[in-house]
Amino acid sequence: MIKQTLVLMSFLVASPVVVLADAPVHAQQRSNWQEFFQRIVSRSPLPRKRGGGREGLLGWQVLTPGSLSQQLWTLQPILVWRSQPNGKLVPDRAEILPAGSGSPIWSQRIQPSRTTPIIAKLEPGKTYVLRFSKWNADLKKDEVIIGWDIEVMPTAQRQKVAAALNRLNKNLKPVERLQRRIEVLASFGLWSDVVQEIEQSKVSARDRQTAINDLLTQLEDSAGSTRIRK
């Protein structure tokens with residue numbers, strides 16, 4: 001199994017804590033996303049460390065797939081990433097390969113900070129490698145910058161998550177529905193899926209950005225607090 005192209009990132013995969021479908025949830029305004037994620041993160045399995053966090057080092061950062069949590073529930077992930085104008089070695093191609101294979105099942109040029117659909121349906125229980133490369137003008141070829149494993153949940157586990165999501169009230173308002181789905185995914189430690197859920201939700205673009213920023217901040221704060229306690 002290919003662990004990672006250049007840098008290996010480790011994650012904590014914990015047993016899920018099931019969220020009851022009838023647990024009360026109050027609508028949160030945009031200014032209350034921080035409070036919402038403080039509550040959610042404090043009671044959900046955390047990644048051992050945040051993967052894909054290259055923003056401080058190279059000026060770019062991958063949010064999903066497989067960066068906040070190695071395991072995925074979705075079979076059709078999207079690539080969510082962002083970069084700074086002065087970022088170094090910002091990639092211009094992303095690829096997904098089955099573990100142990102040299103042939104990509106998806107390969108596409110990407111633009112900085114642009115959400116990109118991954119036009120490849122992944123299979124339950126399989127491991128893939130997501131890798132990023134940059135065009136080398138001198139060598140006239142792409143050179144891999146970094147990559148890591150992503151694991152798709154086996155069918156039995158995926159069905160448990162799907163069942164929990166299906167129990168949610170279908171008549172909730174967009175923000176309420178988003179929060180309920182986040183609670184379910186977070187209870188299984190599926191933080192990469194949480195980012196995708198936010199990105200593809202029907203709430204406003206400003207609200208999506210605020211939610212993602214507050215989620216990342218809370219995950220980082222919680223990870224830091226855990227290290228201090230140890």
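The values are calculated or read from the model by the stated rules, or taken from the named source; none is laboratory data. Everything quoted here is computed from the prediction, not taken from an experiment. Note that each Cβ is placed from the backbone with ideal geometry, even for glycine, and that neighbours are counted across all protein chains shown. For the accessible areas, the whole protein counts, side chains as well, though only heavy atoms, and no ligand, DNA or RNA atoms are used. Shrake-Rupley method; radii C 1.70, N 1.55, O 1.52, S 1.80 Å.
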query = Is region 162-175 home to any residue that is within 19 Å of Pro77 (Cα to Cα) and small (Gly, Ala, Ser)?
reply = yes
task = Would you confirm whether any residue within region 39-52 is of a type in the set (A, V, I, L, M, F, W, C), under 15 Å from the mean Cα position of the chain (by Cα), farther than 29 Å from Leu168 by Cα and modelled with pLDDT of 80 or more?
result = no
key: Failed item in (1) over 29 Å from Ala99 (Cα atoms); (2) under 14 Å from the mean Cα position of the chain (by Cα); (3) open to solvent by less than 10 Å² (accessible area, probe 1.4 Å), with Leu190 passing the rest   = (1)
remark   = Residues in region 197-216 that are under 23 Å from Leu122 (Cβ atoms), open to solvent by 10 Å² or more (accessible area, probe 1.4 Å) and in contact (Cβ under 8 Å) with a residue 24 or more places away in the chain total 3
inquiry  = Just the residues that are in contact (Cβ under 8 Å) with a residue 60 or more places away in the chain and either hydroxyl-bearing (Ser, Thr, Tyr) or open to solvent by 40 Å² or more (accessible area, probe 1.4 Å) (or both), please, taken from region 171-187.
reply    = Lys173, Glu176, Ser187
message = Out of Leu130, Leu168, I need the residue that is part of a loop (DSSP other than H, G, I, E, B), touching a residue at least 60 places away in the same chain (Cβ under 8 Å), of a type outside the set (Phe, Trp, Tyr) and buried (at least 16 other Cβ atoms within 10 Å of the Cβ). Which one?
response = Leu168
query = Any residue at all in region 137-158 that is among the basic types (Lys, Arg), over 22 Å from Ala94 (Cα atoms) and either in contact (Cβ under 8 Å) with a residue 24 or more places away in the chain or open to solvent by less than 10 Å² (accessible area, probe 1.4 Å) (or both)?
reply = yes
query = Given the residues Gln111, Gln159, which is the only one that is outside any strand (DSSP E or B) and either at pLDDT 95 or above or within 19 Å of Gln71 (Cβ to Cβ) (or both)?
reply = Gln159
request  = For residues that are open to solvent by 70 Å² or more (accessible area, probe 1.4 Å) and of a type in the set (Val, Ile, Thr), tally how many sit in region 64-123.
outcome  = 2
